[in-house]
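**Q** There's a structure below that I have some questions on.
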Amino acid sequence: MSIDQGRKGLRFAVIGAGMAGILAAIRLRQAGEDFTVFEKAGRLGGTWRENRYPGLTCDVPAHAYTYSFEPYAEWDAYYAKGGEIQTYFEKTAEKYGIMPHVRFDSEVVSTVWDEGAGVWRLGLITGEEVEAEVVIAASGVLHHPKLPDIEGLDSFEGQAFHSARWQDDALVDGARVGVVGNGSTGVQIVTALSKRASKLVHFQRSPQWIMPVPYFQYSEEEKEAFRRDPALIEDIRNNKEYWDSIFRFTHAITDTHGPEIAAIEQICLDNLENSIRDPELREKLRPNYRAACKRLIYSWSYYDAVQSPNVEVERNRIARVEAKGVRMEDGRLHELDTLVLATGFHADRFIRPTTVLGRGGVSLDDIWSVRPTAYYAVTIPGFPNFFMLNGPTGPVGNFSLIDIAEKQWAYVDQLIDLLRSGEARTIEPSADAHADYEERRIAAARTTIFGSGCNSWYLDATGVPASWPWSYEAFADAMAAPVLTDYRVEAAAELVER
Ligand code: NA7
């Protein structure tokens, strides 16, 4: 193939048909590119496909949790339910003509850079091999369930399952249910099941700070108004109070002694003091670490739920699971019909277990042996034309990851432009630029609220917060334009005929 043909015929492989993969696909289709989305499952939606537990809600206001270019009039309430979000992504993918480009049941098991040909060779689970000049890794963050290392789980006579593997036939109505785990997932499940289970035990290894938030339904009239005039939705998306809260939140994360984090801590503390009537329960629910150190839980109804007579908060240590239920270290047994393990995810996986081999056969697994990392969360030295959306070290917190992915795409698109124009055959960050970024990032991350002394999925294996450690504005600025001097560009002219 000649150089010219090669440049004109750029092929893109998008890995994952979740929120970020759909975004990439929409943008590539709009640009008239040749692309395929490889999806391991039989349905798109990523997180919103995998999670189907009762009470599943996105804690970003619904109108802020959409693509900026695709507002949605149909949200039932200020916060959207998981099923509604899944429908939104399916409708959006249809509307933008993405579906014919998605190959379902096509897990990418390996992607290997072929230096001579200047292509990535992707091995699919089906045994096929496909080629692409550019890989967009949009494979998500929290998609490998972490099961707890609790002895005896297999001996339980009822059903026990991870929250992301919800069993539709699970006994919950009028049943005795245990929920292990107190992250956003556990809190949402307990809140929902408090109205359904006859007995509900919430096993909390660590209590959580709960941020009270407003919740209201949108009426049919309001939805009709949104349909007629999408500018009304824009007003909600651009609502000053909402954006002030985002800025406040990111400043709070990065300035652990500032007024913003003090305000958040006070709101959470007041919520605990004013909502929980029984002093003993209040002490059980009082965290001993700083608010926002773990991902803040947003809830308008959890504190009501745990005060229902059928709900018990269990703060003692679990000794083991037995046939009839959960045995505590103090010898008590909670007899249960169903045990839900809301114990989180392996947050350091990203594209793995896919084998990714870059220049010289170097494995991403080796590069990531200490921690997953990417230059500005998007690109990796030695992995040319490989771009990540919602990759390692990106911003995490109580804000929309769709917005983050859109900003990352705007950045990636500028790098891809160099390939499109024929100016570059390959592009990747220099090792020095990446090392400098990581050094600065790690130093800053240690000083964030996430590093203030609690355990959470935000921490990497060495205990360093794995996220973007600077403000939202700093992220927006960084994504607005890549610093091209930090990139290693292999000019197309150097390409020999292949
Ligand atoms: P999280 O936030 O990682 O929470 C996991 C919870 O499970 C957390 O309370 C853990 O306690 C608890 N856990 C984990 N292992 C055990 C064992 N062995 N025994 C008892 N308790 C355990 O996961 P989620 O699914 O709730 O939320 C993940 C993200 O999804 C969320 O932040 C949103 O971004 C959406 P710990 O705090 O470690 O003591």
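**Q** For N316, list long-range residues whose amide hydrogen, built 1.01 Å from N in the peptide plane, is under 5 Å from its own amide hydrogen.
**A** Placed amide hydrogens put nothing under 5 Å from N316.
**Q** Here's a follow-up. Can you list residues whose amide H is under 5 Å from A160's amide H, if they're 5+ apart or on another chain and H is modeled 1.01 Å from N?
**A** Residues meeting the amide H criterion: L339.
**Q** Between L269 and E473, what length comes free when the chain is fully extended (0.36 nm per residue of separation minus the Cα-Cα distance, one decimal in nm)?
**A** Working: separation 204, 0.36 × 204 = 73.44 nm, distance 2.81 nm.
Extending this stretch completely gives an extra 70.6 nm.
**Q** In whole Å, what are the Cα extents of segment 20-80 along the three principal axes, biggest one first?
**A** Result, largest extent first: 39, 26, 15 Å.
**Q** Across segment 289-302, in residue order, what do the Karplus-derived ³J(HN,Hα) couplings come to in whole Hz, using 6.51 cos²θ - 1.76 cosθ + 1.60 with θ = phi - 60° and x for Gly and Pro?
**A** 9, 6, 4, 6, 5, 8, 4, 4, 8, 9, 7, 9, 9, 5
**Q** Percent antiparallel among DSSP beta bridges with both residues in the chain, to the nearest 5?
**A** 45 percent
**Q** Quick one: 3J(HN,Hα) in Hz for segment 450-455, Karplus 6.51/-1.76/1.60 with θ = phi - 60°, rounded, Gly and Pro as x.
**A** 4, x, 8, x, 9, 9
**Q** At what distance in nm do the modelled label points of D114 and R359 sit from each other, each positioned 7 Å from its Cα along Cα→Cβ?
**A** 2.0 nm
**Q** Taking only protein heavy atoms into account and a 1.4 Å probe, give the accessible area per residue of segment 229-271 in Å².
**A** On the way: 2330 Å² over 43 residues.
Per-residue value: 54 Å².
**Q** Taking amide H atoms as placed 1.01 Å from N in the peptide plane, list the residues 5 or more away in sequence, or in a different chain, whose amide H sits under 5 Å from that of R425.
**A** Placed amide hydrogens put E490, A491, A492 under 5 Å from R425.
**Q** Right, something else. Using a probe radius of 1.4 Å on heavy atoms only, what accessible surface per residue do you get for segment 402-498? Whole Å² is fine.
**A** 43 Å²
**Q** Per residue, how much accessible surface does segment 9-60 expose to a 1.4 Å probe? Answer in Å², no decimals. Walk me through the intermediate numbers first.
**A** Values: 1510 Å² over 52 residues.
So segment 9-60 comes to 29 Å² accessible per residue, rounded to a whole number.
**Q** Beyond a 26 Å Cα-Cα separation, which of these cross-linked pairs lie in this structure: K95/K407; K223/K294; K40/K146; K95/K146?
**A** Flagged as over cut-off: K223/K294; K95/K146.
**Q** Within segment 284-311, name every residue whose backbone N is under 11 Å away from a label modeled 7 Å from Cα of S452 along the Cβ vector.
**A** 289-294
**Q** Moving on. What full-extension length gain, to one decimal in nm, is calculated for L333 and D76 as 0.36 nm per residue of separation minus the Cα-Cα distance?
**A** My answer for the length gained is 88.5 nm.
**Q** Hey, any idea what % of the chain's accessible area is carbon plus sulfur with a 1.4 Å probe?
**A** About 50 percent, which is the carbon plus sulfur part of the accessible surface.
**Q** May I pose another question? Taking the Cα atoms of segment 412-479, what is the range of coordinates along each of the three principal axes, in descending order and whole Å?
**A** So the three principal-axis extents are 49, 24, 19 Å.
**Q** In addition: Give me the percent of Cα-Cα pairs in the chain that sit more than 40 Å apart, rounded to a whole number.
**A** 24 percent
**Q** Treating cross-link reach as a plain straight distance, find the aspartates and glutamates whose alpha-carbon is under 17 Å from the alpha-carbon of K240, omitting any fewer than eight places away in the same chain.
**A** Cα-Cα hits under 17 Å: E260, D403, E473.
**Q** Determine, at each q value in 0.11, 0.13, 0.20 (inverse angstroms), the log₁₀ of I(q)/I(0) that the Debye formula gives when each Cα of segment 178-319 is one equal point scatterer.
**A** Summing over Cα pairs of segment 178-319 leads to -0.52, -0.69, -1.17.
**Q** Right, here's the next one. From the phi of every residue in segment 38-53, what ³J(HN,Hα) in whole Hz does the Karplus formula 6.51 cos²θ - 1.76 cosθ + 1.60 yield, where θ is phi - 60° and glycine or proline is x?
**A** Once θ is set to phi - 60°, the couplings for segment 38-53 become 9, 10, 5, 9, x, 8, 7, x, x, 3, 7, 7, 5, 8, 9, 6 Hz.
**Q** Separation of segment 397-460 and segment 196-245 by C-alpha centroid, Å?
**A** When both Cα centres are located, 28 Å separates them.
**Q** For the chain, take the longest principal axis of its alpha carbons; what is the angle in degrees between that and the long axis of helix 240-254, to the nearest 10 within 0 to 90?
**A** So the helix axis and the longest Cα principal axis differ by about 90 degrees.
**Q** Whenever you get a sec, line up S301, S163 from highest to lowest accessible area (probe 1.4 Å, protein heavy atoms).
**A** Output order, biggest surface exposure first: S301, S163.
The values are calculated or read from the model by the stated rules, or taken from the named source; none is laboratory data. Since the model is a prediction, treat every value here as computed from it, not as a measurement. Don't worry about glycine lacking a Cβ; one is built from the backbone with ideal geometry, like all the others, and counts go over all protein chains shown. Quick note on the areas: whole protein, heavy atoms, side chains included, nothing else; ligands and nucleic acids left out. Shrake-Rupley method; radii C 1.70, N 1.55, O 1.52, S 1.80 Å.
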